[in-house]
Every structure is written in structure tokens, then in C-alpha cells.
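Presented below is the structure to which this report refers.
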Amino acid sequence: MYREGEGFKRDFDEARKWFVLAGEQGHVESIQALALAYIKGTTGVDQAAQQSPEALAWIRRGAGTDFLPALDALAAAYRTGQFGLEPDPEQAAVILAKTNKMRGIKAKEE
């Protein structure tokens, strides 16, 4: 409600605070909302925060829920070395194979 300004004045800091509290308790929708905020730079997340260790942590948690945007961002990070990760094409390929399977895209070998 704070993020959207529904019933309260829009306040991204307050929205993130509640998403973090819920996400730390395993609330899947909050984990995914935080992952997406760091990926897209929404909910008051600036460019510096998008490249922070906290961003990587929430994106990884989002990927752990099989949230496709987080999986895609993590695969891209392993390809390019974003978020301070060492480039790891093999790990990127593993994640890509998973996302392709989730999307119903068959591997070329099949």
C-alpha cells in the first residue's frame, strides 16, 4: 500500500521496509517484489543500490522461488559479472536451461 499510495501517502522507503520484514520471514511475494525492485530500479531503488550486494541477495532469493525475472537477472549477472559476481558462463547456462524448461522452450539437442 505504501508502494502504490493506496490508503497511505506513497513512501518507497516504508514500502521496502515492510517488504524486507516480510521477505526475511519467507513471504514469497515480498521476496519477488524486492527482487523486481532491484532488477528494474523501482520502489525507490537507485542505480547504486541496483548493483549492491543487497540487490544480489534479493535477486538470488527471488531466483530461489523460481521467479523468472530473478532467474533471468541472475543468469545475465553470471554472463557479465554484474553485482560483483565473477563471470561464470557455465552457471549462466545452467540457469538458462532451467528458465527455458520453465517457459517450455526445448533445448536444441532435443
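The values are calculated or read from the model by the stated rules, or taken from the named source; none is laboratory data. Please read all numbers here as calculations on a predicted model, not as lab measurements. Every residue, glycine as well, gets a Cβ built from its backbone with ideal geometry; the counts of neighbours run over all protein chains shown. Just so you know, the surface numbers come from the protein's heavy atoms only, side chains and all, with ligands and any DNA or RNA stripped out. Shrake-Rupley method; radii C 1.70, N 1.55, O 1.52, S 1.80 Å.
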### Message
For percent of Cα pairs over 17 Å apart, one of [x] 65; [y] 62; [z] 56 was computed from the structure I shared and the rest are decoys. Which label?
### Response
[z]
### Task
Rank by packing, highest mean first: peptides 20-27, 63-70, with packing defined as the count of other Cβ atoms within 10 Å averaged across residues.
63-70, 20-27
### Query
What percent does the relative contact order of the chain come to when contacts are Cα pairs within less than 8 Å and at least six residues apart?
16 percent
### Summary
Per the rule of 0.36 nm per residue minus the C-alpha distance, extending residue 12 to residue 25 adds in nm 2.7 nm
### Cross-link pairs beyond the 29 Å C-alpha cut-off, checked among 17/98; 40/98; 9/40; 17/106
17/98; 17/106
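For a test of the definition: using alpha carbon positions, the gyration tensor, and the 1.5 limit on a/c, classify segment 41-87 as rounded, prolate or oblate. Kindly include the intermediate steps, with their values, before the conclusion.
Details: a/c = 1.84, a/b = 1.10, b/c = 1.67.
Cα axes put segment 41-87 in the oblate bin.
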## Note on the structure
Along the dipole axis of the chain (charges at Cβ: +1 for Lys and Arg, -1 for Asp and Glu; origin at the Cα centre), the most positive-end residue among 68, 57, 31 is 68
### Summary
In degrees rounded to 10, the 0-90 angle between helix 12-24 Cα long axis and the longest Cα principal axis of the chain is 60 degrees
### Task
Please label the shape of segment 10-62 as rounded, prolate or oblate, based on the square roots a ≥ b ≥ c of the eigenvalues of the alpha-carbon gyration tensor (a/c under 1.5 means rounded; beyond that, a/b larger than b/c means prolate, else oblate).
oblate
#### Entry: Farthest positive-ward along the chain dipole, Cα basis, beta-carbon charges - from 78, 97, 107
107
### Task
Using only Cα atoms, locate the centre of segment 68-110 and the centre of segment 1-31, then give the distance between them in Å, rounded to an integer.
28 Å
### Task
Using only Cα atoms, find the angle between the long axis of helix 68-80 and the longest principal axis of the chain, and express it within 0 to 90 degrees, rounded to the nearest 10.
60 degrees
### Summary
Taking only protein heavy atoms and a 1.4 Å probe, the highest-to-lowest accessible-area order of 58, 18 is 18, 58
#### Entry: Cα-centre dipole for the chain with unit charges at Cβ (Lys and Arg positive, Asp and Glu negative), debye to 20
240 debye
### Message
Using each residue's phi in segment 55-64, evaluate 6.51 cos²θ - 1.76 cosθ + 1.60 at θ = phi - 60° and report the 3J(HN,Hα) Karplus result to the nearest Hz, with x for Gly and Pro.
### Response
4, 4, 4, 6, 5, 4, 5, x, 4, x
